[in-house]
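Below is one structure, written out as structure tokens; the observations come after it.
The values are calculated or read from the model by the stated rules, or taken from the named source; none is laboratory data. Computed from a predicted structure; not experimentally measured. Cβ placement follows ideal geometry from the backbone for every residue including glycine, while neighbour counts extend to all protein chains displayed. Each accessible area value is taken on the protein alone, full model and side chains, heavy atoms only, with ligands, DNA and RNA left out. Shrake-Rupley method; radii C 1.70, N 1.55, O 1.52, S 1.80 Å.
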Amino acid sequence: ERLNRLKFVDAGFRVEGNVFEVADDHEIILFRIIQECISNVIKHARATKFDIIFRYGTDSFTIICEDNGIGMNIHSKNYGLGMKNIVSRSILIGAEANLEPVTGGGLKVSVVYPKKSL
């Protein structure tokens, strides 16, 4: 809502599936991952559209952050500190971070948090 109010980017948020609790000590780490995604969109992506999706499955919780910005070379392991933080924080809680280019430009960051980590 704040991104939309500031007219910085057209931002969207949606929740899919049946919501379940995440471990308290992992919740803050997931929050920091989302903050990092938002920060990267604001600072680097030059995006006009940004979406966050919380997808609850039977065996996992997936956070998807997708923009239509300039993207990045995902094949280079020389990511900036922000992307490295996303990956390392994901590993810390037993989740998996995936970076994918978006057709037509942009980046999709998916963090898959297995339900067994609860």
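What segment 65-116 shows is 56 Å² of accessible area per residue, with the surface traced by a 1.4 Å probe over protein heavy atoms. Note on segment 7-56: Cα-only Rg and Dmax are 12.7, 34 Å. The trypsin sites (Lys or Arg not before Pro) of segment 18-118 meeting both criteria, a DSSP state outside H, G, I, E and B (loop) and at most 12 other C-beta atoms within 10 angstrom of the site's C-beta, are LYS77.
Under a 5 Å amide H cut-off, with hydrogens placed 1.01 Å from N, GLY71 pairs with GLY106, LEU107 among residues at least 5 apart or on other chains.
The Cα center of segment 17-40 and the Cα center of segment 72-98 differ in position by 15 Å. The loop-placed chymotrypsin sites (Phe, Trp or Tyr not before Pro) in segment 1-70, going by DSSP, that have at most 15 neighbouring Cβ atoms within 10 Å of their Cβ come out as PHE8, PHE20. How far is helix 24-40 tilted, in degrees, relative to the longest principal axis of the Cα atoms in the chain, given as a value from 0 to 90 rounded to the nearest 10? With rounding to tens, the tilt is 10 degrees.
Helix 81-92 and the long axis of the chain differ in direction by around 10°, with both axes built from C-alpha atoms. Scattering from the C-alpha atoms of the chain alone, worked out with Debye: what is log10 I(q)/I(0) at q = 0.14, 0.21 1/Å? So the normalised log intensities are -0.57, -1.22.
Ignoring ligands, DNA and RNA, what percent of the 1.4 Å accessible area of segment 10-118 is carbon and sulfur? Percent of accessible area from carbon and sulfur atoms in segment 10-118: 53. Between GLN35 and LEU6, the simple label model (points 7 Å from Cα in the Cβ direction) yields a spacing of 1.4 nm.
Of all lysines in the structure, the ones whose alpha carbon falls short of 21 Å from that of LYS108, not counting any fewer than 8 places away in one chain, are LYS43, LYS49, LYS77, LYS84. Placing +1 on the Cβ of each Lys and Arg and -1 on the Cβ of each Asp and Glu in the chain, which of GLY57, TYR113, LEU6 has its Cα farthest towards the positive end of the resulting dipole? Value computed over the given set: LEU6. The magnitude of the dipole of the chain, with charges of +1 and -1 set on the Cβ of Lys/Arg and Asp/Glu and taken from the Cα centre, is near 420 debye. What do you get for GluC sites (Glu not before Pro) in segment 17-107 restricted to DSSP loop and a cutoff of at most 14 other Cβ within 10 Å of the site's Cβ? Sites meeting the loop and neighbour criteria: GLU21. If R0 is taken as 30 Å, the Cβ-Cβ distance between PHE20 and ASP51 corresponds to a FRET efficiency of 0.90.
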